[in-house]
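Structure first, commentary second.
Derivation of every value follows stated rules applied to the coordinates shown; laboratory data play no part. Small disclaimer: the values here were computed from a predicted structure and weren't measured. Note: ideal-geometry Cβ built from the backbone for every residue, glycine included; neighbour counts use all protein chains shown.
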Amino acid sequence: MTYQHIKMPESGTRISISNGKLVVPDQPILGFVEGDGIGPDITSASLRVWDAAVEKAYGGKRRVAWCELFMGEKAAGIYGGDYFPEETLAAIRDLKVAIKGPLTTPVGGGFRSLNVSLRQEMDLFACVRPVRYYQGVPSPLRRPEDVDVVIFRENTEDVYCGIEYESGSPENEKLARFLREEMGAEFFEGAALGIKPVSPFGSRRLVRKAIQYAVDHDRASVTLVHKGNIMKFTEGGFRNWGYELAKEEFRDQVVTEEELWEEHGGQAPEGKIVIKDRIADITFQLLQLRPAEFDVLATMNLNGDYLSDAVAAEVGGIGIAPGANISDEVAVFEATHGTAPKYANQNKVNPSSLMFSGVMMLEHIGWQEAADLINDAFVRVLAEKTVTYDFARLMDGAREVSTSGFADALIARME
Ligand code: NAP
């Protein structure tokens with residue numbers, strides 16, 4: 001494939017897939033999108049941290065060949081006003097792994113969020129958000145060290161997928177008439193209407209990813225989160241299809257919570273992952289009161305959106321929480337916060353959300369040693385209370401540094 005504006009580095013090799021597994025060369029080409037607003041600040045700081053960790057871990061044997069891809073405002077400047085160039089999508093499909101900074105959603109004109117467009121165009125059906133505590137991070141919890149979960153949020157279905165009919169529109173009136181006259185539904189006059197599609201296919205592929213992650217990473221449980229007590233066919237369907245999938249495809253590796261009590265006296269047999277389910281509202285409560293009871297969570301789209309921000313807030317907030325959107329072939333890692341335009345080009349904000357998304361990316365390609373170096377350095381730097389403004393305002397005796405200063409501190413403390 002030839003590209004118009006994207007320059008593939010000649011020194012690197014593309015990642016490929018064989019038998020469903022990534023084949024990662026020693027010099028893989030990885031894509032990065034700088035992002036808008038604070039994007040350039042956090043991206044340049046993070047690139048330095050990732051490169052330093054890889055160099056330190058592998059002494060030059062391995063190296064990332066970075067390839068800049070363009071989306072958002074920078075793309076609009078290069079591609080004549082196109083914020084979402086087709087060749088960027090083609091390059092992400094080609095490279096299989098990329099990381100992106102936050103992107104502005106230009107207001108007006110029916111412009112869809114670039115992030116939502118990216119997920120839909122590439123069918124990145126699972127949003128993965130690991131949330132864990134790092135010693136020294138300011139937290140409102142008494143025992144934040146109990147928080148260590150990975151949330152798998154379904155990305156393509158649910159009320160979130162945008163099938164909505166505005167109050168008073170002809171489409172709304174047509175649908176309302178059908179629902180009232182043909183289906184016997186009752187609701188107030190002029191109600192705006194939204195559709196909540198939830199399919200066996202969409203639910204099963206999400207739950208499959210969550211359970212496979214639990215298997216690969218020796219996790220103890222997978223909790224299916226839902227409001228199936230109220231929305232029996234959509235949210236309840238998600239729960240039921242999740243259990244079905246677990247028993248059909250992972251029978252030897254899992255035990256359901258029901259089986260746990262009926263057949264194993266409440267003790268999970270050695271090496272088995274417990275599959276359980278919890279109602280969404282109680283999950284929010286328990287994740288604050290008894291977070292140690294949760295490990296991997298599989299959620300639908302809207303529940304997962306709320307839940308991942310709420311859990312992230314327990315251990316440092318969105319300035320630090322990492323994330324990825326993945327399909328069976330492609331993974332796009334991303335900062336979970338937005339472009340924070342008021343801080344653009346001030347070299348001020350916390351680069352950790354993007355930086356830890358890069359740690360996830362290193363783990364995804366199997367470069368665990370480099371990922372560990374960054375995690376360990378972060379703990380050391382925090383112990384010295386060297387932090388960016390967002391943490392400094394929550395800590396006594398902190399030494400506030402800039403975005404690049406924080407990257408310098410991390411690199412200096414990689415041991
Ligand atoms: P935001 O950019 O996430 O910023 C909200 C606040 O969060 C900031 O004012 C700041 O808080 C804090 N914050 C965000 N990133 C931080 C960081 N790296 N370090 C420290 N603090 C950080 O949300 P927004 O202002 O609602 O959205 C702005 C733009 O971003 C919009 O165009 C929106 O569409 C876009 N957006 C993009 C993504 C994405 O690309 N994934 C996600 C969300 C929003 P303080 O003011 O308290 O310091």
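Before moving on, here are some points about what is shown:
- Among the trypsin sites (Lys or Arg not before Pro) found in segment 173-249, those both in a DSSP coil and sparsely packed, with 14 or fewer other Cβ atoms within 10 Å of their Cβ, are Lys232.
- Semi-axis lengths (Å, descending) of the ellipsoid that matches the C-alpha gyration tensor of segment 260-344: 31, 17, 11
- Projected label distance in nm at Ala310 and Glu164, using a 7 Å step from Cα toward the beta-carbon: 2.1 nm
- Among complete DSSP H helices in the chain, those whose alpha-carbon atoms stretch at least 18 Å along the helix's long axis and whose mean Kyte-Doolittle hydropathy reaches -1.0 are 39-58, 200-216, 301-314, 368-383.
- Efficiency of FRET between Asp51 and Arg143 - r from beta-carbon atoms, R0 45 angstrom, step 0.05: 0.80
- Projected label points at Glu189 and Asn375, each 7 Å from Cα along the beta carbon direction, are separated by 6.0 nanometres.
- Cross-link partners of Lys348 among lysines, defined as those whose alpha carbon lies under 17 angstrom from its own and excluding same-chain residues fewer than eight positions apart: Lys385.
- Antiparallel DSSP beta bridges within the chain, as percent of all bridges there, nearest 5: 40 percent
- Note on the chain: with a GNM built from Cα contacts shorter than 10 Å, the maximum mean-square fluctuation among Asn350, Asn301, Asn375 falls on Asn375.
- Among Leu69, Leu193, the order by Cβ neighbours within 10 angstrom, fewest to most, reads Leu193, Leu69.
- Qualifying trypsin sites (Lys or Arg not before Pro) in segment 357-405, DSSP loop, other Cβ atoms within 10 Å at most 11: Arg393
- Projecting the Cα atoms of Phe233, Ala324, Met360 onto the charge dipole of the chain, computed from C-beta unit charges around the Cα centre, puts Met360 farthest toward the positive end.
- Viscosity 1.567 mPa s, 4 °C: Kirkwood-radius Stokes-Einstein D of segment 52-164 over Cα pairs, µm²/s: 74 µm²/s
- Local electrostatic count, Phe32, Cβ distance below 12 Å [Lys/Arg +1, Asp/Glu -1]: -2
- Most fluctuating residue given options Asp41, Asp305, Asp216, as computed from a GNM of the chain linking Cα atoms under 10 Å: Asp216
- Neighbourhood charge, 13 Å Cβ-Cβ cut-off, centred on Gly81 and excluding it, Lys, Arg +1 and Asp, Glu -1: -1
- Over all distinct Cα-Cα pairs of segment 176-297, the Kirkwood formula returns a hydrodynamic radius of 16.1 Å.
- Projected area averaged over orientations for the chain, convex hull of C-alpha atoms, nm²: 23.4 nm²
- Under 14 Å, Cβ to Cβ, from Ala398 - net charge with Lys/Arg +1 and Asp/Glu -1: -1
- Gaussian network model of the chain, Cα within-10 Å springs - most flexible of Arg14, Arg251, Arg132: Arg251
- The GluC sites (Glu not before Pro) of segment 225-313 that DSSP puts in a loop, and whose beta carbon has at most 11 other beta carbons within 10 Å, are Glu270.
- Count of Lys pairs (Cα-Cα under 27 Å; at least 8 positions apart or interchain) in segment 57-210: 8
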